[in-house]
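The next block holds one structure in the form of structure tokens; read it before the comments.
The values are calculated or read from the model by the stated rules, or taken from the named source; none is laboratory data. No experiment lies behind these values; they were computed from the predicted model shown. As a convention, Cβ positions derive from the backbone with ideal geometry for all residues, glycine included, and neighbour counts pool all protein chains shown. Side chains are part of the model used for accessible areas, which takes the heavy atoms of the whole protein and leaves out ligands, DNA and RNA. Shrake-Rupley method; radii C 1.70, N 1.55, O 1.52, S 1.80 Å.
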Amino acid sequence: MEKVNHFFKHIFSSINTKLAMVFMLMLLATIEVIGAYFTRQLEQNNIENFESSIQIPQIVTNQLASQLARDNKNTNDRLNQIVSDYNNSSPISEILVVDNKDIIRAVSTLNDKGRVGQRVNNSEVKQVTSSGRPITRVINDHGNNYMIQISPLNSGNGSTNNVGAIYVRASMQSLFNDLRNTSLAFLVASLIAALLGAILALVISRAITQPIEEMQEQALHIADGDYSSQVKIYSNDELGQLGKAFNTLSVRIERSQEESDSERRRLDSVLSHMTDGVLATDRHGNVIVVNQMALNFLNVDEDQIINQPINKVLGLEESAQDLISNQKEIVVTVNAGTRDEMILHASFSLIKRVTGFVSGSVCVLHDVTEQQKNENSQKQFVSNVSHELRTPLTSLRAYIDTLNAGAWKDPEIAPKFLQVTQEETERMIRMINDLLSLSRMDRGVSKMDLEMVNLNDFVAHILNRFDMIVKNDTKNGKKKKYTIKRELGSQALWVEIDTDKMMQVIDNIMNNAIKYSPDGGVITVRLVQNQNHVILSISDQGLGIPRKDLGKIFDRFYRVDKARSRAQGGTGLGLAIAKEIVEAHRGKIWADSSEGKGSTFYISLPYEPMSEEDDWDEV
């Protein structure tokens, strides 16, 4: 059984069998389409001829209409005589004559004589007598096909004087029998033609596929490295020309084997560096191969750099030959001054043949943008820290030198100098503590003590503390006054936060708002829910922040007004710490401000509404 299955599988997978089946199916489909069209046309012609054959002649209808128009006592007899005479010489099986009152006046069969004088119950006849429009259709009555013609009878020259209708019924069974026999004969002829076509298709397809099978065998030899055998040429037609071309191809493949090995080594060299951007050049330094990563780095399309000198592609002044021969490692900046600016480390290596001939080079581009940015940030950070510490240290040194010079004996100057020294020392301690906090956050060792808190109550608690500070400042007679306006709402907004760290963030923003608000200013605190977030905003009426500085205020040691910030004891790290804390809560912090119109700081935290059915752990 398995051998039989394998045999049939081999037969039906052969191109010889497929071609024969295609030819046979095309022939069969053509015959069937033609046969279907022929049968359809034959059927329509026969039906039209049959309809014409049962059509009542005009002379007969005129006689019937004339008798109906007279309508005397002899009308029925004359009508029956006319119908009987005509029915004897036609294939019609039944004729009814009906007047315009739907009364049967004449019939063609003796068995239906009793119906004369009765009202017809055929709705189609009534429709013809009322509308004067003829009706012709084919009906199937228990397997028998009939054609019905109902024509109006008009008297006089005009067609509007309808005096009745004539109902004609004729059997079409013999007609459909003839059509069925014709279709059966055509089907038998089609099968015979398909069989003969299949035999002819097998012969023709074998003549076509035999040379192809020999070429297939030769191709397998070439794949195994055997180029000695040749394809036999049977004729000078297209297949013969294909065989000659195949033989020529096998010779050329053998000659190009060495070149293929060289190309393979070049391709392996390119593929080995696919994790970075790779550009391969010919020996003249023109780019011939580039990978997608290099296109992304250079922000160009492939057709823009193919066959272009590599020094032009990388934007270098050195010639392509110098880059290839020196094999230097260089740093390239591409898209300088744009958002897509990148810093790339480019290294070159030569591509050599077996003989040592240099056929090109490979340039590997490694993205070091982030590395350079980190190095620059570290340098900037060290510079900022040095500068921020040098200022208070210089101030301390000056005051201490003055005290050592004898100012400590002055009862008025010495306490002031000591107070300034203490303030500068405390500012340095705060700066060191802030730096340590940022360092822990950067290293990911700062732990978050999260708990579910009603943010409305939490913010209100913090603002209550600031209200107490306002009252104490008023009692102590401090000149600067300000008001805190609350817009918190009454809805309970439960969020998961580290209360100590989030209190540090809000305290920092509130202290900044108080510092930079004018005397009598209003600080507005709002808390709203927006889809899956809660947003806390703190607005002041201070000097505002220039638009160009809004993107930098969360950088470390960045100050809009450096002199004023230091005078008020700021370290320049508060907003940087606030940003780190908020982002650790999977939130966002940003600011909106205009010069002279105050500033608004926004804190967005993730929020999931809690339903009343949520289960709470019992404490």
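A cut-off of 5 Å between modelled amide H atoms, ignoring neighbours fewer than 5 places along the same chain, links V163 with L153, N154, S155. Each Cα pair under 8 Å and six or more residues apart adds its sequence gap; the mean of these over the residue count of the range 50-178 is a relative contact order of 25 percent.
Just the protein heavy atoms count here, and of the accessible area of the range 50-178 at 1.4 Å, carbon and sulfur take up 42 percent.
Taking only protein heavy atoms and a 1.4 Å probe, the accessible area of the range 227-269 is 52% carbon and sulfur.
Are any of the pairs K485/K515; K471/K548; K548/K597; K481/K548 more than 27 Å apart by Cα-Cα distance, and if so, which? With Cα atoms farther than 27 Å apart: K471/K548; K481/K548. How far is helix 413-443 tilted off the main Cα axis of the chain, in degrees rounded to 10, range 0 to 90? With rounding to tens, the tilt is 30 degrees.
Reported value for the range 227-269: 66 Å³ per residue, from the convex hull of its C-alpha atoms. Highest mean packing comes first when the peptides 456-467, 331-342 are listed by Cβ atoms within 10 Å, giving 456-467, 331-342. Partner aspartates and glutamates whose Cα lies under 19 Å from the Cα of K447, excluding those fewer than 8 positions away in the same chain, are identified as D434, E496, D498, D500, E580, E583. For the chain, the longest principal axis of the Cα atoms and the long axis of helix 574-584 meet at an angle of about 40 degrees. At a Cα cut-off below 18 Å, give the aspartates and glutamates reachable from K373, other chains included and same-chain residues fewer than 8 away excluded. Straight-line reach from K373, under 18 Å: D340, E341, D442, D555. Per-residue ellipticity at 222 nm, computed for the chain from helices alone with -39500 (n - 2.57) per DSSP H run of at least four residues, works out to -17000 deg cm²/dmol. Remark: the range 206-322 projects, on average over all directions, an area of 10.8 nm² (convex hull of Cα atoms). In a reduced charge model with +1 at each Lys and Arg Cβ and -1 at each Asp and Glu Cβ, the range 140-249 shows a dipole moment near 700 debye about its Cα centre. To the nearest 10 degrees, how steeply does helix 15-53 sit against the main Cα axis of the chain, on a 0 to 90 scale? Taking Cα atoms only, the helix is inclined about 50 degrees. If you bin all the Cα-Cα distances of the range 50-178 at 5 Å, starting from zero, the percentages per bin are 2, 11, 22, 24, 22, 12, 5, 2, 0, 0. When you restrict to C-alpha pairs under 8 Å that are six or more residues apart and normalise by the size of the chain, the relative contact order lands at 7 percent.
Based on protein heavy atoms only, the chain ends up with 61 Å² per residue of surface accessible to a 1.4 Å probe. Summary of packing: across the peptides 412-420, 190-198, 496-504, the per-residue average of other C-beta atoms within 10 Å ranks them, highest first, as 496-504, 190-198, 412-420.
Taking all Cα pairs closer than 8 Å and separated by 6 or more residues, the relative contact order of the range 220-316 comes to 15 percent. Of the labelled figures (i) 27.2, 87; (ii) 52.6, 163; (iii) 32.9, 108, only one reflects Rg and Dmax of the Cα atoms in Å as derived from the coordinates, namely (ii).
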